[in-house]
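For reference, the structure is listed below as structure tokens.
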Amino acid sequence: MEINDKNYELSEKTPLELASNVHGLLAVKKDGSAGAVGLEEIANEAGKKVGDAVKIVGNVLPTMGDVNKRYSVTVGAEGLTLTYNGVPFVLTPSCQVDMFWDALAQTWEVVNEVPLPAPDLSGYATKQEIESIDDDLQGFNDKILEQPENYFDKSTVIEGHYIDATSGELRPVTPNNSFAVSDWEDLPVGETEMYISGNTASPGTVFRNSAAPTVLIKPIDSVTGLPRPTYARNSNNGLVIIPSGANQIMVTVKFNNIDARNTLVLEKGNRDTTRIRESLIPKLEEVVVLNNQMNHLLYEGEVTRQNRFENTVNPQYFDDVSESNNRFKITVVADDTSPTKDLLNFKRVFSNTLTANGATCYQYTELAIGSQRPDVISIAMWINKAQFQSIFTGNITNYIGFRSYGANVSLLLTGQTVISSPADTTPIAEYTTAKAEFKIIEEINGWIRLRITYFDIQWKSSFTGTTVRNYFHFSGSQSFNKSLDISDFTCLYNESVQAGVFYSDPDGNFKSNVVSVPALNDGVNSLNTRVSALEQGDIASGGMNVKFNGDSLFIGSPYSSDRQLVKRITHFRPTSFTNNPNVNFISSYLASFNDIEISLTAIKSEGDDICPLSANGGHIAGNHGWFKTYILTVSAGHGKGFADIGSIYKDANNIDIVIIKIISATQILVNSRNQANDGITYDFRQPSGTLVYSSNGLNTGSIAGYTSAGGGNMWPSTMPSITKFFADRKEVGTTFNGKCDVFDINETYAVIDLASMIEKLISGRPSTGYTANIYFNEVGADVLFTVNQVYRYESNGNTVVMQNVYANKRFKYDFNSVIQVIAPATGNMYVPKSLPITGGATTYDFRKITPWSVDPTVQLYLTPEYWENPSNPPDRGVMLNDNIVIHSGYLMSKGMAINRIGSVLAHAAHLANSRKFYPKIFATQIIPDIGNSYSAVAFRSYKNPVDNPNGRTNYSYVELSGVVNIWLDYHGTLEDIVKIKPEWYGKTIEIVEKTNNVNIVGDVAVGDLNIKSKADADNYGYIVLRLK
């Protein structure tokens, strides 16, 4: 097993100390049974007995026998008195007390008392206070671990007897109430070790086999592994080795009036190893992840803030400064009100008494980055909520460098996350682009904790500075004669500040390892829920994290041990003149497992990866509207109003021109009526000459002296999407926040018929005219065609797109890609089955791994002359760089791909001059009849490049309806052992296609696939397989 970048080979015999540097669960299977799991810090912090630590219930200290023990107890403000043999131990109030059982002196003693910090349970607590949720932590362990079963039956005890040390036989004794032994207890089948705890009586023990009850067997020495000289164990408590052939045990439970019946526990297995529940063994990796998350939850406070001297009168950032015009005052004062008042002694007061009349005032600090160029800068602070609401009534603005980012305060106060792009893109010295996330991550006793995280920071190579400025703004007149209290300013690099965590000082000047009890409780409860679901089979090992937040949807799949690959989606867009009301992709990035919303490493923009169709001579649906309108600009003013929408004018060619939208006092949006009369074709004309009023308007004046320009996308051109969401095929709502293996977005929307829309806009005009611009999808236009599609997100990084297009009317269906892929900012491109193609002064051979960081000067179309095989056109492509491998293409056994040949394919793919990749499912115009439908299945696979051995370019798969489609691409020579899922074992291997230099061993999936490649950098190779 590999954990924390180290390999550990463990078995049930591994001493616990060998795993002392490993946090979390360590496990191996044992002959098909449950594996051993060594618990370290989580078990310790939960108060679980490990080694010589004991847990005592009540205020009477018991006798612990001939082995040293220790007992740790947290003493509250009321103090605590413990007794042993009538002797009191008065423990100091508000302390963590360690006590020691001296086995030689046979007594208890106090060895250490550490004062507890003053608790503030509404805010933060130290590790000692975390112990107060011991029951919750134990509950977490109970769910993961197989719990010990007591094999000692208290109800079957033989009174008045003891075990003879020499013969092992029972001896009666008088008085008979001073001695007792257990009756014969059955040992657990298959076990070689037991563990006895709580036995204060005697180590007397005897074994036998029930089939030969008169043959008594001595205990085994737990150190030498040889039989003991007498019928007594090494000590009262500890490891018991079961002799070979024994299946029953008898132990002394009362000796010389020392009674252990109520405390003795006879457990299965070695106490130094505990067992994972057998039901969780198949999902061991997920259990390890959960346990590591619990460990991280306890020790998150060990992450250190970047800023120093926060607990002094001179903090490193936003120190005392005098007020001047446009610069507010900062005063560092004693803190007796904020949630961190018991952890930090000081807070800041920002105050403005000079800058009035609506002017902005600000202060800045220099964030020390040295030679670092962090991808993420996260700052957070506690702010008095009432003061915050009084000052920030609209937006809040923050700067990194001299570039501003803002967020609507109302959205923040309702718990929403606001992602902000810069308001001003004027070049600055430090970086080219960045984004900011604003979020209130906590609220306690009238204080809010505001986090501002800057991410996707693209630093300029020319920037050599060691600091970057952070500006805090008061905007407008609301701050005049007001103050703002701020505490616990925290700055982290390449980490996002987490709720419930108080971060330690880098110089160690104040408390570290501090977590809030509420946050810890929430984390424990969440993990408990996930373990329960895991055991019930509702969550799969290595599954995805899915989170809805407002209109945003975040889907994270495993990428590496500490990163997840996140795809951010807008799952709802309202009807608007700036977009279609459908699902849209936003971006993909790498994030920590702690915060799915913060990008630590950008992968690529996906803002235009939703794919349109091409119909009636233009791109439509996805992010595209009908591209048939014209903007008329009359510099002196056109004089038209909303009441003139739907009015008809004649141009110089006697074409009907219709006003469809009022843009401004000088601009209107117009469209001609459709000039085609075949019921299929679109023929919309650009206005020409003076437009003379014809009918259906209020202002009847002509429109002359205008300039005409294309109107771009006419939004909205689709009806609002109907969307449903499914986690592991169970429908969920937009509050879902959890894990699953498969997440589906099922979307249906209709595309309006532009010709019909114009006619309905005319005929639907009220007698007094419209009173506002009307959305084009709300006039009752006919539906031209309907798109139903499923975006399926899978834990292996896939996005599978299943699409069906239904013809509501006849139209010219020009081509369809189903998928399209924006290229990462830098990287390479590979397209198998293509031939070299020249664009401008550059010839591209995409069969090789071809540099693809510079936009080509022309559009590149892979028409038949650029296919290696005329009957087998290119159907997929791979984009790759150091962070990602993106493989996109089609399932050739589904829908229109089955007949995807040259006769219906004018070009197989389009590589745009923006480096965008459009594989085509068909590219020769068809005219469907009403009721015809066209389907296809496409995919985008995202993989971590480090998962590919040298020589392998790509390994991806799509599993659909029980059939597994596998693609393997090579640019090197190797014997490739490809790991597959165990549930694929036994499937027949069908070779769909391959090059001559790549072969597979075997025709049935038995274990891993063995692929032999003789490819090289200039002679690519591939193999496509189908397992079924």
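The values are calculated or read from the model by the stated rules, or taken from the named source; none is laboratory data. The shown structure was predicted, so the numbers you read here are calculated from the model rather than taken from an experiment. Glycine also receives a Cβ, built like all others from the backbone with ideal geometry; neighbour counts cover every protein chain displayed.
Odds and ends about this structure:
- Given (1) in the same structural domain as ILE966 (by TED's automatic domain parsing); (2) surrounded by 15 or more Cβ atoms within 10 Å (Cβ to Cβ); (3) not hydroxyl-bearing (Ser, Thr, Tyr), number of the condition PRO851 does not satisfy: (2)
- Residue check, ARG940 at pLDDT 95 or above and outside any strand (DSSP E or B): no
- The stretch 335-360, subset more than 38 Å from the chain's Cα centre (by Cα) and in a strand (DSSP E or B), residue nearest to ILE448 (Cα to Cα): SER351
- Filter result (crowded, with 23+ Cβ neighbours inside 10 Å and touching a Phe, Trp or Tyr at 6+ places or on another chain (Cβ under 7 Å)) within the stretch 880-894: ILE886, HIS887, SER888, GLY889
- Candidate set: the stretch 977-1028, residues that are among the hydroxyl-bearing types (Ser, Thr, Tyr) and more than 23 Å from ASN869 (Cα to Cα); chosen: the one modelled with the highest pLDDT: THR988
- Residue, surrounded by the fewest Cβ atoms within 10 Å (Cβ to Cβ), within the stretch 860-879, restricted to residues that are part of a loop (DSSP other than H, G, I, E, B) and touching a Pro at 6+ places or on another chain (Cβ under 9 Å): PRO870
- Some residue of the stretch 741-759 being in contact with a helix residue (DSSP H, G or I) (Cβ under 7 Å, 6 or more places away or on another chain) and either in a strand (DSSP E or B) or over 28 Å from VAL937 (Cβ atoms) (or both): yes
- Test: LEU784 is among the hydrophobic types (A, V, I, L, M, F, W, C) and touching an Asp or Glu at 6+ places or on another chain (Cβ under 7 Å): yes
- Selected residue (only one of ILE596, ILE631 is farther than 18 Å from THR681 by Cα, β-branched (Val, Ile, Thr) and not in a loop (DSSP other than H, G, I, E, B)): ILE631
- Number of the condition not met by ASP488 [criteria: (1) within 27 Å of ILE586 (Cβ to Cβ); (2) among the acidic types (Asp, Glu); (3) surrounded by 22 or more Cβ atoms within 10 Å (Cβ to Cβ)]: (1)
- Qualifying residue in the stretch 790-802 (condition: among the small types (Gly, Ala, Ser) and surrounded by 20 or more Cβ atoms within 10 Å (Cβ to Cβ)): yes
- Yes/no for ASP456 being closer than 30 Å to ALA825 by Cα and at pLDDT below 90: yes
- Of all the listed residues (PRO949, PRO864), the sole one being modelled with pLDDT under 95, in contact with a Gly (Cβ under 6 Å, 6 or more places away or on another chain) and not assigned by TED's automatic domain parsing to the domain that holds SER588 is PRO864.
- Of all residues in the stretch 887-905, those that are in the same structural domain as SER935 (by TED's automatic domain parsing) have Cβ atoms under 8 Å from Cβ atoms of residues that are modelled with pLDDT under 85 and surrounded by 18 or more Cβ atoms within 10 Å (Cβ to Cβ), 6 or more apart or on another chain, in TYR890/ARG900; MET892/ARG900.
Conditions tested, residue by residue: (1) modelled with pLDDT under 85; (2) within 29 Å of PRO227 (Cα to Cα); (3) not assigned by TED's automatic domain parsing to the domain that holds ALA260.
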| residue | (1), (2), (3) |
| --- | --- |
| ASP135 | yes, no, yes |
| GLN138 | yes, no, yes |
| ASN141 | yes, no, yes |
| GLU146 | yes, no, yes |
| HIS161 | no, yes, no |
| SER167 | no, yes, no |
| PRO172 | no, yes, no |
| PRO175 | yes, no, no |
| ALA180 | no, yes, no |
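- Qualifying positions in the stretch 235-254 - closer than 21 Å to PRO62 by Cβ and within 51 Å of the chain's Cα centre (by Cα): SER235, ASN236, ASN237, GLY238, LEU239, VAL240
- Scope the stretch 904-937; condition part of a strand (DSSP E or B) and more than 32 Å from the chain's Cα centre (by Cα); matching residues: ALA909, HIS910, PHE922, ILE926, SER933, TYR934
- When restricted to residues that are β-branched (Val, Ile, Thr) and farther than 21 Å from TYR559 by Cβ, the stretch 782-800 contains 4.
- Pairing residues of the stretch 758-787 that are farther than 12 Å from ALA643 by Cβ with residues that are among the small types (Gly, Ala, Ser) and in a helix (DSSP H, G or I), at Cβ distances under 6 Å and at least 6 apart in sequence or on separate chains, gives ALA781/SER756; ASP782/SER756.
- When VAL583, VAL658, VAL634 are checked against the criterion of being touching a His at 6+ places or on another chain (Cβ under 8 Å), touching a residue at least 24 places away in the same chain (Cβ under 8 Å) and not basic (Lys, Arg), a single residue qualifies: VAL583.
- Within the stretch 787-798, tally of residues that are touching a Phe, Trp or Tyr at 6+ places or on another chain (Cβ under 6 Å) and hydroxyl-bearing (Ser, Thr, Tyr): 1
- Of all residues making up the stretch 177-208, the number that are more than 55 Å from the chain's Cα centre (by Cα) and either assigned to a strand (DSSP E or B) or small (Gly, Ala, Ser) (or both): 6
- A single entry from ASP424, ASP485 fulfils the requirement of being among the acidic types (Asp, Glu) and in contact with a helix residue (DSSP H, G or I) (Cβ under 7 Å, 6 or more places away or on another chain): ASP485.
- Highlighted here are the strands (runs of 3 or more DSSP E) found entirely within the stretch 954-999 that include at least 2 residues which are touching a residue at least 60 places away in the same chain (Cβ under 8 Å): 963-970, 989-994.
- 2 or more residues of a type in the set (S, T, N, Q) and touching a strand residue (DSSP E or B) at 6+ places or on another chain (Cβ under 9 Å): qualifying strands (runs of 3 or more DSSP E) within the stretch 374-457: 377-384, 395-400, 404-408
- Set ASP1016, ASP969, ASP929, ASP1008: member being surrounded by fewer than 17 Cβ atoms within 10 Å (Cβ to Cβ) and in contact with a strand residue (DSSP E or B) (Cβ under 6 Å, 6 or more places away or on another chain): ASP1008
- Single residue of THR857, THR838 found to be outside any loop (DSSP other than H, G, I, E, B), among the polar types (S, T, N, Q), surrounded by fewer than 17 Cβ atoms within 10 Å (Cβ to Cβ) and assigned by TED's automatic domain parsing to the domain that holds ARG952: THR838
- One residue from THR224, THR230 being under 51 Å from the mean Cα position of the chain (by Cα) and of a type in the set (Ser, Thr, Tyr): THR224
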